[in-house]
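Here is the structure we will look at.
The values are calculated or read from the model by the stated rules, or taken from the named source; none is laboratory data. Quick caveat: nothing in here was measured; it's all calculated off a predicted structure. Cβ: placed from backbone, ideal geometry, glycine included. Neighbour counts: every protein chain shown.
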């Protein structure tokens, strides 16, 4: 079965990608699984300058989840291009380079430095890291999001993914802004801001106090975000958040994801991504699908449920202006 | 008069990632060996035939999302049955302290568990005649395989690891006698075993670090090497003692891990960028792939 999916100018051999920050620089996993089979590799986010990252403890396990505050520990773009990119380029899998900047100018510079670099298929703008100061600013404000995406768009010919944070009132509004800025796809979601506490010691469990929650615990939030985004924008949405099985993938496809990224599952089931890929064709065939697009966005809503489900469901009360905010929502 | 230890033994930095097996395995033995302390044997030939002393595996309870993650557990030994060309089982000794290990302690032989490994670098094959092993609490577990390899009772891994050790001394400290497992396997392998306990219920009363100077003073600095594993406060003191005497010291660090494979960047420790003890330059390094064993002179203890 042809599992390929085209996003922006890039054709991905299959829709099973590995999420940024959960697969190192891929070399770490070459002894674990066949990295050549992946739909895309998104290496750990790079920044303009080296960052040591946050103080340990950097991760804490929670119920069906993992709270992290790594803090974009990386050696900067120069080291990435010198040490990691030659290996990544040789794998033969589309490489989506995740970048994060503190300012619009930093994002633009990163994009300019990477543009045209052999072996890179796309950029993913990490405007949603909760663990660095200013990390989510671009992902929490529609106008800032539009500006940063536009600045990157002006500097690169690569396909652009924009990775969004769920820690906003209305993710669709941010997604629309990214689309207007020139994004080719939206990646949803980054981690959910959270906290773990040792109450007896009166201490936070993470060195950086707050962290981002990932794993099965956040899948419902991720599904909701993908659903809301897919209804609102005209560009593909890549689902990420708690994907650990082929059924999880199918759920994301049905609510509108064109591809998925596997993250935390790789930490606790090293071959999760390959296991899912192996099972995907049979799962599609079982529902009579001849290609992936046959199932994407095929969610059937109960009569009259469309409007309420489209709104900013984070609000406690039904959203009254859903239709005005998201024209595509009306059913 | 701190002097930097001679670089007799260098740990190879990581090149190509080595093969990591992952899958579900059967528990073949499981018994309590001291207070809260369990010995578990797992049937996993691929890991058993390639693991070296000081490496670890990740173990995870199957079929549940809570606890979600695996736990890093040091290789205690490998088991080769009569007639087998290579080892087919691994032994792990763990202390049931947290949620995962408490649930694990109820698992029975025949039950299944998820495992991936072998992981980490392991201890380097020692190239001096006297190997001093210093452990506190559950930190002794990697040292049985270290002892058997050093004294040529057993070989580990796929390639030959030559050592030049003639004598092994294990200095092991426990809180009290109830936490002391049977250390006969160390004596049988040829090690001299020295015990200390904080409450004096077994061995010498006090901390293991209090009996270490006497042992270190037996040897010329260039004829001995120390391997250390245990609580960080203990390892810091041992590292300082070794640095003062010019004895090389390797510590096996324990930091919270999520993946064990180098992809999550959780388990970092602060390491000096050079062996120069006066150098201030440091960076966070992943304990799971660059360690867990490090030249102690590089480690900046908190």
_Any chance residue A:50 is at the interface with chain B (Cβ under 7 Å from one of its Cβ atoms) and more than 21 Å from the chain's Cα centre (by Cα)_ = no
*Check every one of the strands (runs of 3 or more DSSP E) wholly within segment A:50-149 and list those with 1 or more residues that are in contact with a helix residue (DSSP H, G or I) (Cβ under 7 Å, 6 or more places away or on another chain), surrounded by 22 or more Cβ atoms within 10 Å (Cβ to Cβ) and in contact (Cβ under 8 Å) with a residue 12 or more places away in the chain.*
A:65-68, A:95-99, A:120-126
*Go through segment A:150-171 and give me each residue that's more than 17 Å from residue A:260 (Cα to Cα) and either within 15 Å of the chain's Cα centre (by Cα) or outside any helix (DSSP H, G or I) (or both).*
A:154, A:155, A:156, A:157, A:158, A:167, A:168, A:169, A:170, A:171
_Lone qualifier among B:114, B:84, B:89 - being touching a helix residue (DSSP H, G or I) at 6+ places or on another chain (Cβ under 8 Å) and outside the structural domain of residue B:179 (by TED's automatic domain parsing)_ = B:89
*asked:* Test of understanding: among A:316, A:272, A:244, which residue is closer than 21 Å to residue A:166 by Cβ and either within 14 Å of another protein chain (Cβ to nearest Cβ) or at pLDDT 95 or above (or both)?
replied: A:244
*What strands (runs of 3 or more DSSP E), lying completely within segment B:233-292, carry at least 1 residues that are in contact with a strand residue (DSSP E or B) (Cβ under 7 Å, 6 or more places away or on another chain) and either within 12 Å of chain A (Cβ to nearest Cβ) or without any contact (Cβ under 8 Å) to a residue 40 or more places away in the chain (or both)?*
B:268-272, B:282-286
_Unique residue being surrounded by 19 or more Cβ atoms within 10 Å (Cβ to Cβ) and under 18 Å from the mean Cα position of the chain (by Cα) when the list is B:247, B:226_ = B:226
*asked:* Can you tell me which of (1) within 29 Å of residue B:50 (Cβ to Cβ); (2) more than 14 Å from chain B (Cβ to nearest Cβ) is the one residue A:39 doesn't meet?
replied: (1)
*Among (1) in contact with a helix residue (DSSP H, G or I) (Cβ under 9 Å, 6 or more places away or on another chain); (2) assigned to a loop (DSSP other than H, G, I, E, B) - the single one residue B:138 does not satisfy*: (2)
*Residues (under 23 Å from residue A:77 (Cβ atoms) and part of a strand (DSSP E or B)) located in segment A:1-27*: A:10, A:17, A:18
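Residue-wise test of (1) modelled with pLDDT under 95; (2) more than 21 Å from residue B:147 (Cβ to Cβ); (3) part of a strand (DSSP E or B).
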site: B:39; (1), (2), (3): no, no, yes
site: B:49; (1), (2), (3): no, no, no
site: B:58; (1), (2), (3): no, yes, yes
site: B:69; (1), (2), (3): no, yes, no
site: B:78; (1), (2), (3): no, no, yes
site: B:91; (1), (2), (3): no, no, yes
site: B:94; (1), (2), (3): no, no, yes
site: B:97; (1), (2), (3): yes, yes, no
site: B:102; (1), (2), (3): no, yes, no
*asked:* Among the residues that make up segment A:167-186, is at least one of them buried (at least 21 other Cβ atoms within 10 Å of the Cβ) and within 14 Å of chain B (Cβ to nearest Cβ)?
replied: no
